[in-house]
Amino acid sequence: MGFLHLTPRLERRATPIALTLGGGRTLRLGAFEGEPVVLALFARAGAVAFSEETLGGLRAELRGLGAVLALISRDGIWCFRPDDELELLASADEISETELAAVFAGYGLMFPAGGGGPDRAVYVIDHEQRVQFERHAGPGGGLGDLLSALRSAGRALLAPPRDFALSRREVLISSLVAGFTLALLDGCAKTGTLPEASAAPVGAAETGAEVDVTLDVNGVRHRLRLEPRVTLLDALRERLALTGTKKGCDQGQCGTCTVLVNGRRINSCLTLAVMVEAEKIVTIEGLAQGERLHPMQQAFITEDALQCGYCTPGQIMSAVGLLRERRATSAAEIREHMSGNLCRCGAYPNIVAAIQRVGKEG
Amino acid sequence: MHPFQYVRVRESRGAVDAGRAAETSYLAGGTSILDLMKLGVERPNRIVDINALPYQKVEESAGGVAIGALARNSDVADHPLIKTRYPAISQALLSGASPQLRNMASMSGNLLQRTRCPYFREVASACNKRRPGSGCAAMDGYNRMHAILGTSASCIAVHPSDLCVALMALEASVHTERPAGARAIPIADFHRLPEDHPELETVLEPGEVITHITLPATPFFSRSRYVKVRDRASFAFALASAAVALDVAQGRVHAARVALGGVATKPWRSVETEQALVGEPATLATFERAAALSVAAAQTRKHNVFKVALLKSTLVRALSSVAEVT
């Protein structure tokens, strides 16, 4: 597997980890040998609120990635393999404080957290246990710096070294990991341990300067620092690794980028991320309740309302928006009010049937 | 997209001040300007986001209706006051763009939307509107979509708005705030003809912000209609369109308002047609005679000759449908 042995720019090997999990089991970094690991460390209690829901959105991205997420915190230790469920390896009361302290110390974190030192870190460790990327953050703000550093890391991972040609798969995987680490850190924001978005007007000091933006996507708040010209579509796909929302024409003409903002369907390609700060954004990843599909998703399957599937996320989001508008019931009305979503395969009859099915079922 | 500074304002004074600077553009729905910024046609150095301004409402005003500049197209189209008193406006809005775009696009943005001329949108082409003095690639290019009314030697680009055609027929006024204070601009005076300066599209000054649009309390505007003909069934710009309002009593036309779209360089009021209708019996023959006057001054190019006949038919259909004459 070609993951991350692309840039041996950091020769340092990851500090070994040995944590007793109870039941005679031990977590060792070596347990993941041969697999890349995204290691997230949180020294402060109450810092981790990664629900199944939060990670559910990332599952699709991690599938096929081959990376393992290992989350070590005072609240518990979790492991998430791409093709598995999130697994709680040990709960807070099962973890030895002494062992935890040793792990955190080995990764440069203060424990117990406090004194202004870093209390969380993200490491990307490749299949040979080399540290490919590391970043620490402290409680005293600095999230903006952290996020932009992480983005730099993402770019660095993406940039092919001169003597090394990246395969498409490696580029994909690298970008997914970079996006994933971002999402991980953004997950912290949900707990309120990070500063809230300022109510003051956003105003970049100079042309092209980056601004802080908080996006509420599928019920999770993400703090991002980005240029104002970044569209919502690109923020979702490139920064939050929510690639269910597709980029088609990028001109508002095909509808495949459709998402809901405050329950209304819009084209995310013609919306700047900064314009929807504090609005409630729902993407295709946010429709299902756990494993239970949204009725519209189920109806698209039942009615076979797709061929290649590229336009499908946009069709489904648009259809959900249409039902909320309560303006179309007949096939002709549905066609008219789905005119913003193109399907090059021509699956229109079945798309109309799927929408009618959900409309009838209420 | 060219990088820019982003500023968000919360009250109109701030918008006026922020908008006066050079190379500054306002941002409302974004559906038009962001598209053009991606194409490199628009390259503002500064974007003033006005979405937080309190101009979202549709409400009764002086017997008529006031529509906030930032009300979204879909909300205006669905508003009971608009649907009952000014149905042509609702129909025009619903005939434009897609549901997603209508949820985003603002009223003021619609007033200011720019042409869909492909030579304007493609930065390598000659275009007097985009780059004054560079020429017009449409004159002898593929000009099937182009204007037959209000053209000049420097520009034949069509004004793309459906809404503005209905606003023109229903005699709307555009209200603004500017450095020198507030003013109201009749919609007929709002857009400019291209003449020698197609780059100047409206009479707005730098830092002038549209606050709302008013519609007069004219009872027969409840009998208004917008008819649009396009290349596909939905989600396409007009080849020809007509917004009409008729006051018909005892089979005779007492008053008429007629505006045309998809065929002109600005939303086009056809006073000749209106005059030919007033006092005449509301019959198909009257409508056909009056509609013929709307294209008397038409100037066609190689590929858009068909628009003359199409416009006449579209107008006749709009008139007969609002008068319920077949």
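The values are calculated or read from the model by the stated rules, or taken from the named source; none is laboratory data. From a predicted model like this one, the values you see are computed outputs, not experimental measurements. In this analysis, Cβ positions are derived from the backbone assuming ideal geometry, glycine residues included, and neighbour counts consider all displayed protein chains.
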> Restricting attention to the range B:33-42, which residues are in contact with a Pro (Cβ under 9 Å, 6 or more places away or on another chain) and either farther than 15 Å from B:L204 by Cβ or surrounded by fewer than 18 Cβ atoms within 10 Å (Cβ to Cβ) (or both)?
Replying inline: B:M37
>> With the requirement that a residue be of a type outside the set (A, V, I, L, M) and either in contact (Cβ under 8 Å) with a residue 24 or more places away in the chain or assigned by TED's automatic domain parsing to the domain that holds A:R264 (or both), what does the range A:326-345 give you?
In response: A:T329, A:G340, A:N341, A:C343, A:R344, A:C345
> Which fully enclosed helices (runs of 4 or more DSSP H) of the range B:24-103 have 1 or more residues being among the charged types (D, E, K, R), out of contact with any Cys (no Cβ under 8 Å at 6 or more places or on another chain) and farther than 21 Å from A:L322 by Cα?
Replying inline: B:33-39, B:80-85
> Do we have B:S161 as in contact with a strand residue (DSSP E or B) (Cβ under 8 Å, 6 or more places away or on another chain) and under 18 Å from B:L260 (Cβ atoms) here?
Replying inline: yes
> Looking at this structure, is B:L34 at pLDDT 95 or above, over 17 Å from the mean Cα position of the chain (by Cα) and under 21 Å from B:P160 (Cβ atoms)?
Replying inline: yes
> Condition test on B:R121, is it within 14 Å of chain A (Cβ to nearest Cβ), touching a strand residue (DSSP E or B) at 6+ places or on another chain (Cβ under 6 Å) and of a type in the set (K, R)?
Replying inline: no
> Which ones in the range B:6-33 are polar (S, T, N, Q) and either more than 8 Å from every other protein chain (Cβ to nearest Cβ) or within 10 Å of B:N51 (Cα to Cα) (or both)?
Replying inline: B:S12, B:T24, B:S25, B:S32
> Across the range B:1-23, which residue is nearest to A:G252 (Cα to Cα) among those that are touching a helix residue (DSSP H, G or I) at 6+ places or on another chain (Cβ under 7 Å) and of a type outside the set (F, W, Y)?
Replying inline: B:M1
>> Out of the residues in the range A:241-270 meeting the condition of being farther than 15 Å from A:S318 by Cβ and of a type outside the set (G, A, S), tell me which one is surrounded by the most Cβ atoms within 10 Å (Cβ to Cβ).
In response: A:L242
>> If a residue must be of a type in the set (G, A, S) and not in a helix (DSSP H, G or I), how many such residues does the range B:185-211 contain?
In response: 1
> If you take the residues in the range A:222-262 that are part of a strand (DSSP E or B) and at the interface with chain B (Cβ under 9 Å from one of its Cβ atoms), which one is nearest to A:G309 (Cα to Cα)?
Replying inline: A:T258
> Hey, any hits in the range B:74-89 for a residue that's within 28 Å of B:V258 (Cα to Cα), crowded, with 22+ Cβ neighbours inside 10 Å, at pLDDT 95 or above and within 12 Å of another protein chain (Cβ to nearest Cβ)?
Replying inline: yes
> If you go through the range A:289-304 one residue at a time, how many are surrounded by 16 or more Cβ atoms within 10 Å (Cβ to Cβ) and within 24 Å of A:H222 (Cα to Cα)?
Replying inline: 1
>> Tell me the residue from A:R265, A:R327, A:R335 that is within 11 Å of chain B (Cβ to nearest Cβ) and in a loop (DSSP other than H, G, I, E, B), please.
In response: A:R327
> Looking at this structure, is A:L322 outside any helix (DSSP H, G or I) and touching a residue at least 12 places away in the same chain (Cβ under 8 Å)?
Replying inline: no
> How many of the residues in the range B:34-51 are more than 11 Å from chain A (Cβ to nearest Cβ) and of a type in the set (D, E)?
Replying inline: 1
> Can you find even one residue in the range B:43-55 that is β-branched (V, I, T), surrounded by fewer than 22 Cβ atoms within 10 Å (Cβ to Cβ) and in contact (Cβ under 8 Å) with a residue 40 or more places away in the chain?
Replying inline: no
>> Filter the range B:205-229 down to the residues that are free of Cβ contacts under 8 Å to residues at least 60 places away in the same chain and more than 27 Å from B:L81 (Cα to Cα) and list them by number.
In response: B:E205
>> Just the residues that are surrounded by 18 or more Cβ atoms within 10 Å (Cβ to Cβ), outside any strand (DSSP E or B) and without any contact (Cβ under 8 Å) to a residue 60 or more places away in the chain, please, taken from the range B:1-17.
In response: B:F4, B:V9, B:G14
>> Name the residue that is surrounded by the most Cβ atoms within 10 Å (Cβ to Cβ), counting only residues in the range A:338-362 that are of a type outside the set (G, A, S) and within 10 Å of another protein chain (Cβ to nearest Cβ).
In response: A:N341
> Just checking, which of A:Q307, A:Q315 is assigned to a helix (DSSP H, G or I) and in contact (Cβ under 8 Å) with a residue 24 or more places away in the chain?
Replying inline: A:Q315
> Among (1) within 11 Å of chain B (Cβ to nearest Cβ); (2) part of a loop (DSSP other than H, G, I, E, B); (3) within 21 Å of B:H2 (Cβ to Cβ), where does A:V274 come up short?
Replying inline: (2)
> Here are some residues: B:A97, B:A69, B:A92. Which one is touching a residue at least 12 places away in the same chain (Cβ under 8 Å), within 14 Å of chain A (Cβ to nearest Cβ), within 17 Å of the chain's Cα centre (by Cα) and crowded, with 24+ Cβ neighbours inside 10 Å?
Replying inline: B:A97
